[in-house]
1. So which pairs qualify, if the first residue must be in the stretch 1-26 and surrounded by 10 or more Cβ atoms within 10 Å (Cβ to Cβ) and of a type in the set (Ser, Thr, Tyr), the second must be assigned to a loop (DSSP other than H, G, I, E, B) and at pLDDT below 85, the Cβ gap must be under 7 Å, and the two must be at least 6 apart or on different chains?
2. Counting just the residues of the stretch 20-47 that are within 11 Å of the chain's Cα centre (by Cα) and hydrophobic (A, V, I, L, M, F, W, C), which one comes out nearest to THR82 (Cα to Cα)?
3. Residue check, ALA64 against (1) surrounded by fewer than 13 Cβ atoms within 10 Å (Cβ to Cβ); (2) free of Cβ contacts under 8 Å to residues at least 24 places away in the same chain, all met but one. Which one?
4. From the residues in the stretch 17-32 that are part of a loop (DSSP other than H, G, I, E, B) and among the aliphatic types (A, V, I, L, M), which one is farthest from ARG90 (Cα to Cα)?
5. Hey, can you tell me all the residues within the stretch 67-91 that are over 17 Å from the mean Cα position of the chain (by Cα) and assigned to a helix (DSSP H, G or I)?
6. Considering only the stretch 33-51, state which residues are in contact (Cβ under 8 Å) with a residue 24 or more places away in the chain and part of a loop (DSSP other than H, G, I, E, B).
7. Select from the stretch 27-40 the residues that are surrounded by 10 or more Cβ atoms within 10 Å (Cβ to Cβ) and in contact with a Phe, Trp or Tyr (Cβ under 9 Å, 6 or more places away or on another chain) and list them in ascending order.
Amino acid sequence: MVAWFPGSRADAPRPFQPGALPDHESAFAMTVHKAQGSEFDEVWLQLPAVDNRVLSRELLYTAATRARRRLHVAGSAQVLSTALQRHVVRVTGLAARLND
């Protein structure tokens, strides 16, 4: 099998032999929530281009703890910093029910 990638010229694609890759475990991309409870030797975390209120300190912790050996984070320092400052506030109503 050969995979073809764009070359330096439009009319000259570059061949690549997948067998030339080092030993690896392939996986499809998955969400942090879907990966919860799993571990991987290497994790790549892609942050959104702009801040999102779903991105929180707790979600980043969950993502980071999926990696056994290496974590790669791709995104802006601003989005990462904002996410680390945001904490999830859970409103379950449990305290009110216990007081009734």
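1. Partner pairs satisfying both residue conditions: none exist.
2. LEU47
3. Failing condition for ALA64: (1).
4. So the residue we want is LEU21.
5. GLN85
6. Hits for the stretch 33-51 are GLN36, SER38, GLU39, LEU47, PRO48, ALA49, VAL50, ASP51.
7. Listed by number, the list holds a single entry, ALA27.
The values are calculated or read from the model by the stated rules, or taken from the named source; none is laboratory data. Keep in mind that this is a model prediction, so the values were computed, not measured. So basically every Cβ, Gly included, is an ideal-geometry build from the backbone, and we count neighbours across all protein chains shown.
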